Structures are given as structure tokens and as C-alpha cells.
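Below is one structure, written out as C-alpha cells, with a few remarks after it.
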Amino acid sequence: MELIDGNQVAAAIIAELKAEVAAFTGRKPCIALVRVGEDPASVSYVKKKEKTAAEIGLTSRVILPPLSISQADLFALIDQLNADPTVDGILVQSPLPKHIDELAVFRRVSPAKDVDGFNTLNLGKIAQEDETGFVSCTPAGIMELLARSGVDLKGKHVVVLGRSLIVGKPVALLALQKKAGANATVTVCHSGTTNLPALTRQADVLIAAIGRAEFVTADMVKPGAVVIDVGINRVPDPARKTGYRLTGDVHFPSVSLLASKITPVPGGVGPMTVAMLMKNTVKAFRLHPAQ
């Protein structure tokens with residue numbers, strides 16, 4: 001079994017971006033990070049993104065509207081950033097307060113600055129295999145992990161567990177694409193799938209993004225399969241200072257004995273998400289250099 005080290009791959013991408021950005025003259029690419037309220041996880045994620053941007057040489061602009069901001073005022077803020085020629089990428093950190101329609105906010109971000117890849121137009125561009133679009137960061141990170149780990153999906157059966165707009169649907173479309181590194185046969189499974197283990201056992205590559213701790217067990221995996229664990233779940237653990245431990249959607253101790261390659265949690269897909277966000281920001285800058 002080979003461990004697919006997301007920290008190592010993300011570090012390589014960040015080093016590549018750092019060299020690319022260092023060669024730019026004049027203005028550096030800029031990402032606006034919008035965080036509404038003080039959710040502890042969101043605070044941590046935005047700090048990580050800000051730190052990584054600085055490491056690469058990007059400019060980051062952190063904007064902190066209050067939790068009470070109205071949807072109309074948040075739209076007005078996004079419109080300002082959309083119109084600002086010095087901002088290349090915009091990320092609105094989720095989750096948002098319950099009184100704000102998250103999908104509507106994602107749609108409000110200009111497709112040209114949608115480095116999170118959630119705008120309707122960018123999701124459509126994945127389906128059309130249009131390289132000018134932005135792929136949402138976690139699916140893009142999964143494809144990079146596979147490619148840089150020597151996993152060619154051509155002719156392989158990829159089974160995706162989960163159908164979210166953030167991971168399941170986009171990664172299925174990416175694996176289907178008619179291009180190098182893709183060309184897979186894809187099955188998407190979800191909560192309505194019957195006889196799930198029979199399908200997951202057919203997978204040459206199993207991508208688990210179902211949001212249920214240690215849901216995928218050894219009896220669901222074909223020996224020699226590549227397993228990508230997208231989940232990150234907190235499981236109570238009184239023995240730890242935090243009172244919990246982090247685990248994925250895959251039961252790592254048993255599945256790792258069968259898999260040919262597997263991502264750990266933490267340290268697998270997670271680090272790739274931030275790296276791909278930065279890669280999208282540099283891409284946005286290159287696509288609109290006159291700004």
C-alpha cells in the first residue's frame with residue numbers, strides 16, 4: 001500500500017506557483033477572502049488561505065462583514081469586488097449565516113473571478129470541457145493527486161460516493177472528460193443507491209465524499225483499488241485533549257490493508273484544496289492580465 005501524501009503534493013504545487021508569481025512584473029495576483037462572522041473553523045480556514053497566499057507572493061485582501069449583514073449588502077460587497085480591477089479572485093467562505101442563500105451568493109461572484117469554481121457558468125464549463133473555466137478546488141485537487149501519484153484513469157472504473165455540487169458531481173465530470181488523465185467510466189452513488197457495496201467493489205478508483213465517518217469498510221473495496229478519502233469528520237475521543245479525533249469517510253485501518261494507494265485524513269485531500277485555490281487565482285490573473 002502506498003500513502004498518497006497530500007501535504008507533499010500541495011507543497012510542490014505551492015513551490016511551482018511561487019516561482020511563477022516571482023516572474024511577474026508589476027502588480028501581483030490578488031485574492032479577496034470574504035468571511036462573514038466568527039465561526040471558528042472559518043477563521044482557521046481563512047487564516048490558512050491568507051498565509052499560503054503570502055507564501056506564494058499573492059496579495060490577499062481579507063474582508064470581514066458582521067454576522068448580521070443582509071443578503072442585499074453582501075451582494076453589494078461582492079459587486080464591488082467584481083468591479084475592482086485589482087482583484088483577480090473572490091472567495092466567500094462557507095458556511096454563511098442561515099438568512100443568506102449560499103447558492104445565490106456563489107452565483108453572484110463574477111465567473112471570471114470565481115476561483116472557488118461554484119458559479120453556474122464554471123460548473124457548466126466542466127461539462128463542456130472548456131479550459132477557460134475554474135474547477136472547484138477539492139475536485140481539482142483530487143485530479144492532481146491522482147495524476148501526480150501516477151494513476152491514469154483511462155479505461156478505469158471510477159466510483160464516486162456522493163453527489164454534492166462541491167465534490168461529487170464535479171469530480172465525476174472531470175473523470176469523464178475526453179483528455180489525458182481522465183477518460184474513465186464513472187458511476188456516481190448516493191443515499192438512494194441500492195446494493196451499494198456491490199458497486200463500490202467494482203471500483204478501480206473509489207472516491208469517498210459522502211460525509212459519514214468511516215462509512216467505507218473493507219468489504220466495500222476491491223483489493224488493489226485506489227481510494228481517495230475526501231471526508232473530514234470529528235469523532236468523539238475522550239482520550240484526546242480536543243475531545244475528538246479527525247477521521248475520513250473511509251475506515252482507514254481496514255481499507256488501507258486492501259488498497260494499492262490511499263489518501264490519509266488528515267493530510268490527504270485537505271491540503272490540496274488551498275493549493276488549488278491559489279492555482280485558480282494565478283490562472284484568473286493570467287486570463288485577465290490587463291486588469
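One table, with the values for the structure above:
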item: Subset of region 94-113 that is under 22 Å from K28 (Cα atoms) and touching a strand residue (DSSP E or B) at 6+ places or on another chain (Cβ under 7 Å) - its residue that is surrounded by the most Cβ atoms within 10 Å (Cβ to Cβ); result: K113
item: Helices (runs of 4 or more DSSP H) wholly inside region 120-185 that include at least 1 residues being basic (K, R) and in contact with a strand residue (DSSP E or B) (Cβ under 9 Å, 6 or more places away or on another chain); result: 168-176
item: Residue satisfying all of: in region 11-53; more than 20 Å from the chain's Cα centre (by Cα) and of a type in the set (G, A, S); nearest to F106 (Cα to Cα) among these; result: G37
item: Among the residues listed as I56, I69, the single one being over 16 Å from V274 (Cβ atoms) and surrounded by 14 or more Cβ atoms within 10 Å (Cβ to Cβ); result: I69
item: Qualifying positions in region 149-173 - surrounded by fewer than 24 Cβ atoms within 10 Å (Cβ to Cβ), within 16 Å of the chain's Cα centre (by Cα) and closer than 24 Å to I14 by Cα; result: I166
item: Out of P223, P236, sole residue that is exposed (fewer than 13 other Cβ atoms within 10 Å of the Cβ), of a type outside the set (A, V, I, L, M, F, W, C) and in contact with a strand residue (DSSP E or B) (Cβ under 7 Å, 6 or more places away or on another chain); result: P236
item: Selected residue (only one of D79, D88 is more than 24 Å from D204 (Cα to Cα) and either touching a Cys at 6+ places or on another chain (Cβ under 9 Å) or of a type in the set (V, I, T) (or both)); result: D88
item: Complete set of residues in region 248-291 that are over 17 Å from the mean Cα position of the chain (by Cα), surrounded by fewer than 23 Cβ atoms within 10 Å (Cβ to Cβ) and assigned by TED's automatic domain parsing to the domain that holds A147; result: H251, F252, P253, S254, S256, L257, L258, S260, K261
item: Identity of the residue in region 4-53, part of a helix (DSSP H, G or I) and touching a strand residue (DSSP E or B) at 6+ places or on another chain (Cβ under 7 Å), that ends up farthest from I69 (Cα to Cα); result: A53
item: Elements of type strands (runs of 3 or more DSSP E) contained in region 203-291, each with 1 or more residues being modelled with pLDDT under 95; result: 233-236, 244-247
item: Close pairs from region 59-71: first at pLDDT below 95, partner exposed (fewer than 12 other Cβ atoms within 10 Å of the Cβ) and outside any loop (DSSP other than H, G, I, E, B), Cβ under 8 Å, at least 6 apart; result: none
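The values are calculated or read from the model by the stated rules, or taken from the named source; none is laboratory data. No experiment lies behind these values; they were computed from the predicted model shown. No Cβ is skipped: glycine too gets one built from the backbone with ideal geometry, and neighbour counts run over all protein chains shown.
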